[in-house]
1. Mark the label point 7 Å from the Cα of Arg55 along Cα→Cβ and return the residues of the stretch 74-88 whose backbone N is within less than 11 Å of it.
2. In a shell of Cβ-Cβ distance under 15 Å around Ser29, excluding Ser29 itself, what net charge do Lys and Arg (+1) and Asp and Glu (-1) give?
3. Pairing the Cα long axis of helix 70-87 with the longest principal axis of the chain, what angle in degrees results, from 0 to 90 and rounded to the nearest 10?
4. Compute the angle between helix 30-53 and the longest alpha-carbon principal axis of the chain, please, reported from 0 to 90 degrees and rounded to the nearest 10.
5. What dipole magnitude, in Debye to the nearest 20, does the stretch 1-68 give about its Cα centre under +1 on Lys/Arg Cβ and -1 on Asp/Glu Cβ?
6. Among Ala49, Ile7, Asn23, flag the residue with its Cα farthest along the positive direction of the charge dipole of the chain, charges on Cβ as +1 for Lys/Arg and -1 for Asp/Glu.
7. With Cβ to Cβ distances under 15 Å as the rule, what net charge do the other residues near Ala79 carry (K, R +1; D, E -1)?
8. With the contact rule set at Cα under 8 Å and sequence spacing of 6 or more, what percent relative contact order holds for the chain?
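Every number here is computed from the coordinates shown, using simple stated rules; none is lab data. Remember, predicted model here, so these are calculated numbers, not experimental data. Backbone-built Cβ (ideal geometry, glycine too); neighbour counts: all protein chains shown.
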Amino acid sequence: MQSDYNIDQIDIPHKKPRKSKKNPTPELSAAQKAVNKVLSQVRIFVEHAIGGMKRYNILVHAFRNRKENFEDDVIGVCAGLWNLVLSY
């Protein structure tokens, strides 16, 4: 995944190892579980923000106009409106 995206840091949660004859009860370490918990808390915050912005139907439906950078402007406006809702 890191080779596909040109980003300095991508946080990927740790996967539980597969069950095998050598490792019949695979478990994550306590440190790995703590990292996964922090990542999930951040992910939930981000997903709720995206879901809040999607309440404005212009992000959900296809836009057929050919205006340049219109999608970026719409996302900015929807993010601003959602931040206004959260501030009250």
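1. 81-88
2. Around Ser29, the charge tally is +3.
3. 80 degrees
4. 20 degrees
5. Numbers: 14 positive and 6 negative charges, 87 e Å.
Once rounded to the nearest 20, the dipole reads 420 debye.
6. Asn23
7. Numbers: positive: Lys54, Arg55; negative: Glu47, Glu71, Asp72, Asp73.
Computed value for this residue: -2.
8. 20 percent
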